[in-house]
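Structure first, commentary second.
The values are calculated or read from the model by the stated rules, or taken from the named source; none is laboratory data. Every value quoted in this text rests on a predicted model; they were computed, and no experiment measured them. A quick note on method: Cβ atoms are made from the backbone with ideal geometry, for glycine too, and the neighbour counts reach across all protein chains shown. Accessible surface areas use protein heavy atoms only, side chains included; no ligands, DNA or RNA. Shrake-Rupley method; radii C 1.70, N 1.55, O 1.52, S 1.80 Å.
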Amino acid sequence: MKSGIIKTRIMLIIMFFISICGIIYLVYGDNITDLTCSLVFLIISISFVFLCESLRRYTNGVYGIKGIIKLFTTSVIDDEIIDNYIKESLSLDEVLYYIENGNIENLKIETFEIYKNIENACNNNNLDELRNYVTDEFYNLLIAQINLLKTKNQQKIVEGIEYIDSYLINAFKEDNKIYFDMDISLESKEYIKNINTNEIVDSSQNKKDFNHYKMTFVKSIENKEKICPNCGSKIIGEATNNCNYCNTRVIIDEHKLVLSKIVLLGKNKILK
């Protein structure tokens, strides 16, 4: 099933073609009646209104040539995918329930601390510590970036990280996992140093930046509630736990909240 934006593009092309044919007929045609003129102008008017409404809906009100270009270059997702996504979307209360956070402020602090711990682990080249805060896929990506710099005897350092603000922008559930995006703004100083001499490779990088990120976090929720195999009682807890009723040792394979992706949305130098 095609998305609404594709249908809109097709309709605009058809209406544009009909309008052009009507204008050509008015200019060069013979035996043109008032009814014909009225029909042509009606078609042109409808086409114009349809175009304006399409630009308002799909380009956030960007009109003119820029709006038309944006309309025909916007990436397209199938309606079926969009419908499935909406059905699986989560409310803030559901997100807080699954990650066992009391409120949104705790969530903001926890996600920021995860990012900060990741950067500290990379700064200290503590790869075992790094594994605790990222997915396997993201871990492999970070290791590839670290190793690439090592071939040049260089290391990326991120320090002086200070929290500014963040908010939840998206959340959904898929395959017994929850995914949610946090829009996070922070200050930090990033630079590349020489591993052997500890000298900064590019002195222009040794300045504090205002960084704006979209960070995607993930957590397994399959084993949020475990049943004791001995007495059948529900157990909620850490990776290993004892049943509160029969003291049977129970292994709970519940993933921690980890970072799976980070996208830099913007960077600005801070003048100090």
Exercise. Would segment 105-128 turn up any residue that is of a type in the set (Ser, Thr, Tyr) and open to solvent by 40 Å² or more (accessible area, probe 1.4 Å)?
Worked result: no
Seminar exercise, completed: With criteria (1) under 30 Å from Tyr179 (Cβ atoms); (2) modelled with pLDDT under 80; (3) more than 21 Å from the chain's Cα centre (by Cα), Thr73 comes up short on (3)
Exercise. Does segment 155-169 include one or more residues that are more than 30 Å from Ser89 (Cβ to Cβ), open to solvent by 50 Å² or more (accessible area, probe 1.4 Å) and among the basic types (Lys, Arg)?
Worked result: yes
Problem set entry | One residue from Glu105, Glu110, Glu100, Glu159 being modelled with pLDDT of 90 or more and not in a strand (DSSP E or B) | Glu110
